[in-house]
Structure formats: structure tokens, C-alpha cells
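The values are calculated or read from the model by the stated rules, or taken from the named source; none is laboratory data. None of these values were measured; they are calculated from a predicted model. Don't worry about glycine lacking a Cβ; one is built from the backbone with ideal geometry, like all the others, and counts go over all protein chains shown.
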Amino acid sequence: MTDSTEYTPPKIWTWDTESGGRFANINRPVAGPTHDKELPVGKHPLQLYSLGTPNGVKVTIMLEELLAAGHQGAEYDAWLIRIQDGDQFGSGFVELNPNSKIPALLDRSGAEPVRVFESGAILTYLAEKFGAFLPASGPARAETLSWLFWQMGSAPFLGGGFGHFYAYAPIKIEYAINRYAMEAKRQLDVLDRRLAESEYIAGAEYSIADMAIWPWYGVLAKGEIYDDAGTFLQVQDYANVQRWAEQVGARPAVRRGRMVNRVTGDPSSQLHERHDAGDFETRTQDKLQPGSK
């Protein structure tokens, strides 16, 4: 259905009606906590509070890759933040991230705890802390950070733009879907051209740029996000993106990271909370049922 009702914006916007759509119950024009709730703390220095959305998956992939590379200091507890239930507005989470968005990380390894929020900031912080997946200096570092920030600027057009109006909005608006579908395809073309000349996003080496971009565009390329958006956008036409999406997605650490804090899809693909590497082997179906902790 196309919305043909003409809308004239008022001189001053006021919040007097729900926005509608899948996330209407958590959208509001003010910040701050809505209720008192402390965050749990586990046994590891790194405490992650997140959900298995594309932004959350970036960080769990990074942590699992660090562990796979032998950085035992990257052991972590991953606590589930159910954004549909408003967990991100609890007082403890807002103290950790005033923006009330997942993921958020607390590093308790030093004399003073360090909070880090925004997925790109967390990836950079971890890369610098462990000296991995981010070149230390020079053109290679600049290239990696450029593509990391490309993702930060581009993904809102894919998620909040195309994804919202195509899959989640309460009505289908032709102009909005066309506008953001055009931008999503342009972004895929940017990546496809880059990957025609480079094995990974930032060059010959796998990096935090791949970890940031794959949960959005790699998953889109495989048709695993926004219903049938893959067909709609003809993602199969981007052969280089397809090659890269398969290559990154086959990495064991990526497969593990994608499971952590995930609450949708096949129960066998979900690990609601992760407190030890053995959790991937010892999880039970009871633990994976919707609504379980």
C-alpha cells in the first residue's frame, strides 16, 4: 500500500502520538532512565551488555576473534539487553551508555573501570588494547579507520532508512522505500567495487572494518535481514560482496560471535548469554527458549 495522504509539518513538532511500527513501544524523544535496575557483573574483566543485532554482533565477533588469536585477556561476559522490553533504559545501563543503545562495554581490567559505548568505538578500543585487527600506523591504519567510519555513516541509511520503511513501518511509503533502496544499492556498489580490488575491505588483511561491515552488508548480501529484501535489492548481482560475505561468514569466530546475545532465528543459533567459551558446547534447548535468561 502506498500512503497518498499529504502531510504538512506543523511549525513546532510535539510528541502526541505513537510513531507506530515494530519499535514504537521503545521510541521516545527524551533521554535518561525510566526505571532503576543495576547491571549484572560476571567474573571476567570485560563485561558486555548487548543484543544480537548487527551493531551488537560487531563486538561479539571482535571478542571471539581476539580469543581465537590467543588473546586470553579478551575473555568476557555477555549479558542480554532486551531492547524490546526497555532494558536499555534501566539506570545501570544508562550510566554505562547515556545514549541508551546497545552495545556497551565495561572494562574492569585496570585500576579504574572504563566504559565504552558505540560499536565503532568499542571495536577501536579493543583493537588498540590488544594490538590486533587494526594497523598501528600509516596508510593501512588510515584505510581501516576510513572504512570503519564509512560503516558508521552508511548503516543508518540501510537500517533506519531502508530497513525501517521496507520491513518495519506500519504503512508502505513508496517515496521512502524508493529513496532508501536506491541508497542501499549504491552502498552495495561501493563495497562491490572495493572488493573487486581487495580481498578484505581495508586491504589484504582481515580487520575491524570487516567486523563492522559484515553484520550489516554481509548478512544483507545473504538475504538474511529485512524479510525478502535480498530479492528486492537483487543482492546476487554484487558478486564481489557475495564472495566476501561467504568468506567472512565462514570464519569460526564469526559464527560464534553471531550466536551471542541472539534471541531470534533457530534456537540452535542462539546463545542468550555467554560467560565462558564452554557455553557454546554446554548450552541446552531450555536455555534457548524465547523469554529465558
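Just to be sure I understand, how many residues within segment 72-102 are out of contact with any His (no Cβ under 7 Å at 6 or more places or on another chain), under 16 Å from His275 (Cα atoms) and touching a residue at least 40 places away in the same chain (Cβ under 8 Å)?
5
Name the one entry in Ala140, Ala136, Ala132, Ala127 that is within 16 Å of Glu205 (Cβ to Cβ) and in contact with a strand residue (DSSP E or B) (Cβ under 9 Å, 6 or more places away or on another chain).
Numbers: Ala136 fails: in contact with a strand residue (DSSP E or B) (Cβ under 9 Å, 6 or more places away or on another chain); Ala132 fails: in contact with a strand residue (DSSP E or B) (Cβ under 9 Å, 6 or more places away or on another chain); Ala127 fails: in contact with a strand residue (DSSP E or B) (Cβ under 9 Å, 6 or more places away or on another chain).
Just a single option satisfies the conditions, and that option is Ala140.
Filter segment 207-239 for residues that are surrounded by fewer than 19 Cβ atoms within 10 Å (Cβ to Cβ), over 12 Å from Lys58 (Cβ atoms) and not acidic (Asp, Glu) and give the result. I'd like the intermediate steps shown before the answer.
At the first step, the residues of segment 207-239 found to be surrounded by fewer than 19 Cβ atoms within 10 Å (Cβ to Cβ) are 219, 222-224, 227-228, 230-232, 234, 236-237, 239.
So of that shortlist, the ones also over 12 Å from Lys58 (Cβ atoms) come out as 222-224, 227-228, 230-232, 234, 236-237, 239.
Matches in segment 207-239: Lys222, Gly223, Gly230, Thr231, Phe232, Gln234, Gln236, Ala239.
Return yes or no: is Val190 surrounded by fewer than 23 Cβ atoms within 10 Å (Cβ to Cβ) and under 14 Å from the mean Cα position of the chain (by Cα)? Explain how you work it out, then say what you get.
Values: surrounded by fewer than 23 Cβ atoms within 10 Å (Cβ to Cβ): yes; under 14 Å from the mean Cα position of the chain (by Cα): no.
No, not satisfied.
Looking only at segment 8-25, which residues are at pLDDT 85 or above and either closer than 21 Å to Asp85 by Cα or of a type outside the set (A, V, I, L, M) (or both)? Steps first, answer last, please.
Looking only at segment 8-25, we keep the residues that are at pLDDT 85 or above, and these are 8-15.
Thr8, Pro9, Pro10, Lys11, Trp13, Thr14, Trp15 - these are the residues of segment 8-25 that are at pLDDT 85 or above and either closer than 21 Å to Asp85 by Cα or of a type outside the set (A, V, I, L, M) (or both).
Per-residue answers, yes or no, for (1) touching a residue at least 40 places away in the same chain (Cβ under 8 Å); (2) at positive phi; (3) not hydroxyl-bearing (Ser, Thr, Tyr):
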| position | (1), (2), (3) |
| --- | --- |
| Tyr125 | no, no, no |
| Gly131 | no, yes, yes |
| Leu134 | yes, no, yes |
| Gln151 | yes, no, yes |
| Gly159 | yes, no, yes |
| His164 | yes, no, yes |
| Leu188 | yes, no, yes |
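Given the conditions (1) part of a helix (DSSP H, G or I); (2) polar (S, T, N, Q); (3) modelled with pLDDT of 95 or more, which single one is not true for Ser198?
(1)
Report the residue count in segment 48-102 for those that are within 20 Å of Asn25 (Cα to Cα) and of a type in the set (Phe, Trp, Tyr).
2
Restricting to segment 216-232, and then to whatever is touching a residue at least 24 places away in the same chain (Cβ under 8 Å) and β-branched (Val, Ile, Thr), can you tell me which residue is nearest to Gly163 (Cα to Cα)?
Initial filter on segment 216-232 (touching a residue at least 24 places away in the same chain (Cβ under 8 Å)): 216-222, 225-227, 229, 232.
From what is left, the residues that are β-branched (Val, Ile, Thr) are 219, 225.
Working: Val219: 13, Ile225: 8 Å.
It comes out as Ile225.
Tell me, yes or no, whether segment 169-183 has at least one residue that is closer than 20 Å to Leu145 by Cβ and either crowded, with 20+ Cβ neighbours inside 10 Å or in contact with a Lys or Arg (Cβ under 7 Å, 6 or more places away or on another chain) (or both).
No; the residues of segment 169-183 include none that is closer than 20 Å to Leu145 by Cβ and either crowded, with 20+ Cβ neighbours inside 10 Å or in contact with a Lys or Arg (Cβ under 7 Å, 6 or more places away or on another chain) (or both).
On the basis of being in contact with a helix residue (DSSP H, G or I) (Cβ under 8 Å, 6 or more places away or on another chain) and under 15 Å from Leu46 (Cβ atoms), does Ala121 make the cut? Spell out how you get there, then give the answer.
Values: in contact with a helix residue (DSSP H, G or I) (Cβ under 8 Å, 6 or more places away or on another chain): no; under 15 Å from Leu46 (Cβ atoms): yes.
So Ala121 does not fit the description; no.
So, Leu105, is that one within 24 Å of Ile81 (Cα to Cα) and either touching a residue at least 40 places away in the same chain (Cβ under 8 Å) or surrounded by fewer than 18 Cβ atoms within 10 Å (Cβ to Cβ) (or both) or not? Quick ask: steps written out before the conclusion?
On the way: within 24 Å of Ile81 (Cα to Cα): yes; either touching a residue at least 40 places away in the same chain (Cβ under 8 Å) or surrounded by fewer than 18 Cβ atoms within 10 Å (Cβ to Cβ) (or both): yes.
In short, yes.
List pairs: first residue in segment 1-29 and in a loop (DSSP other than H, G, I, E, B), second residue modelled with pLDDT under 80 anywhere in the structure, Cβ distance under 6 angstrom, at least six positions apart or on different chains.
Glu18/Ala24; Asn27/Ser19
Give Ala132, Ala111 a once-over and let me know the one that is closer than 25 Å to Ala68 by Cβ and among the aliphatic types (A, V, I, L, M). Working first, answer last.
Values: Ala111 fails: closer than 25 Å to Ala68 by Cβ.
After applying the criteria, what remains is Ala132.
Results for (1) surrounded by 21 or more Cβ atoms within 10 Å (Cβ to Cβ); (2) modelled with pLDDT under 95, shown as yes or no for each residue.
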site: Asn27; (1), (2): no, yes
site: Ala31; (1), (2): no, no
site: Pro40; (1), (2): no, no
site: Lys43; (1), (2): no, no
site: Tyr49; (1), (2): yes, no
site: Val57; (1), (2): yes, no
site: Leu63; (1), (2): yes, no
